[in-house]
1. Applying the selection to region 45-60, what residues are at pLDDT 65 or above and either surrounded by fewer than 13 Cβ atoms within 10 Å (Cβ to Cβ) or in a helix (DSSP H, G or I) (or both)?
2. For region 124-139, which residues satisfy the criterion of being part of a helix (DSSP H, G or I) and of a type outside the set (A, V, I, L, M)?
3. For region 75-99, enumerate the residues that are in contact (Cβ under 8 Å) with a residue 60 or more places away in the chain and assigned to a helix (DSSP H, G or I).
4. Please tell me if I115 is farther than 24 Å from G220 by Cβ, out of contact with any His (no Cβ under 7 Å at 6 or more places or on another chain) and surrounded by 23 or more Cβ atoms within 10 Å (Cβ to Cβ).
5. Is it true that I129 is among the β-branched types (V, I, T), within 20 Å of H183 (Cα to Cα) and free of Cβ contacts under 8 Å to residues at least 60 places away in the same chain?
6. Among the numbered criteria (1) surrounded by 17 or more Cβ atoms within 10 Å (Cβ to Cβ); (2) closer than 30 Å to Y61 by Cα; (3) without any contact (Cβ under 8 Å) to a residue 24 or more places away in the chain, which single criterion is violated by K136?
7. Pairs, please: C-beta under 8 Å, at least 6 apart or cross-chain, first residue under 16 Å from W30 (Cβ atoms) and in region 5-17, second small (G, A, S) and modelled with pLDDT under 80?
Amino acid sequence: MSAIHRCPKCDAVFKPPREIRSECPQCGIWFHKWNAPPPVTPVLTVDAVEEEAVPPDPVTYYGRAAALVLVCVWSFFIAADDYTDPEPGFMHSILLPIHEAGHVFFIFLGHFMHIAGGSLLQLLLPFGIGVAFYVKQRDPFGAAVCLWWTGASLIDLSPYIYDALYPKLMLLGGRTGEDGGPHDWIYILETFGALKRAHGLGTAAHHLGVIVMAGAVAWGGAWLWKRSPWRRPGAS
C-alpha cells in the first residue's frame, strides 16, 4: 500500500489520499507505524552472553590456566587412590568438615536425612556453587572448577560406600563400623536393602567421579582455548 485513503484508527477519509509515511491530521497516528509488530529483541543464551564478554586480562587468564594445570595433575593422584583400602589424603581433610556440617544442616529433616546429609552436602555444595557461577556470574570456567570439585567429592565418598559391606575404615569416634561406629553408608544401604551391593556402588561412585573430573577439566580447557591470546580471531 503506497497511499492512505482512510485512517485505520479514526476512520477519517482523505481526498486526496495521504502518503503512508505521514500522520493522520485527525488523530495523529503515523500510518506506517500503526499495528506494526514490535521490534524483535534477540534472546542471548548464557553462552552467547559469555562469548560477547570482555576477554579476561592476562593475569586472570594465566592464573586460571595455572589453576587448571593444578587440578589436572591433582586429578591423577585422586583417581589413582585405592578406594578399596584408602589412606586419607589432603582432599579428604578439606571435605570432611563439609561432610560433618551436612549432618548438622539436615538434622531437622528426620533421622535418615540427618545421616545422609553429610554425603549430600559434600556433593551439593560444590555443585550448587558451580550453578551459581554459570547462571549468575556467567563464568563457565568457575563452574568447571566446581564441577571438578563435585567429582572429587564423589571419589572421596567411594571408599566410605565400598567399606559398608565389610567395614574396616576408622571413623571419627575411633571405631570401625563393625565395632559399632556411626557408619553412614551401612545405615543408608540397609535402609534400601542394598548393603550387599556396597562394593559395586562404591566402585561405580569412584569411576563416575573420575569421569566428572575429566569432563570438568576438558570444559575448563575449552574455555581457555577459546580465549587464548595466541589463537587466531575467528578460529573455531
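The values are calculated or read from the model by the stated rules, or taken from the named source; none is laboratory data. On a predicted model such as this, the values are computed, not experimentally measured, just so you know. Here the Cβ positions follow ideal geometry from the backbone for every residue, glycine too, while neighbour counts run over all protein chains shown.
1. Kept after step one, since they are at pLDDT 65 or above, are these residues of region 45-60: 56-60.
D57, P58, V59, T60 - these are the residues of region 45-60 that are at pLDDT 65 or above and either surrounded by fewer than 13 Cβ atoms within 10 Å (Cβ to Cβ) or in a helix (DSSP H, G or I) (or both).
2. Step one: filter region 124-139 for residues part of a helix (DSSP H, G or I), giving 124-135.
Across region 124-139, the qualifying residues are P126, F127, G128, G130, F133, Y134.
3. Hits for region 75-99 are S75, I78, A79, M91, H92, L95.
4. Values: farther than 24 Å from G220 by Cβ: yes; out of contact with any His (no Cβ under 7 Å at 6 or more places or on another chain): yes; surrounded by 23 or more Cβ atoms within 10 Å (Cβ to Cβ): no.
It is false that I115 is farther than 24 Å from G220 by Cβ, out of contact with any His (no Cβ under 7 Å at 6 or more places or on another chain) and surrounded by 23 or more Cβ atoms within 10 Å (Cβ to Cβ).
5. Numbers: among the β-branched types (V, I, T): yes; within 20 Å of H183 (Cα to Cα): no; free of Cβ contacts under 8 Å to residues at least 60 places away in the same chain: yes.
No.
6. (1)
7. Close Cβ pairs satisfying both conditions: P17/A3.
Quick grid of which residues meet (1) at pLDDT 80 or above; (2) of a type in the set (S, T, Y); (3) exposed (fewer than 12 other Cβ atoms within 10 Å of the Cβ):
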site: M1; (1), (2), (3): no, no, yes
site: V13; (1), (2), (3): yes, no, yes
site: C24; (1), (2), (3): yes, no, no
site: V43; (1), (2), (3): no, no, yes
site: Y62; (1), (2), (3): yes, yes, no
site: D82; (1), (2), (3): yes, no, yes
site: L96; (1), (2), (3): yes, no, no
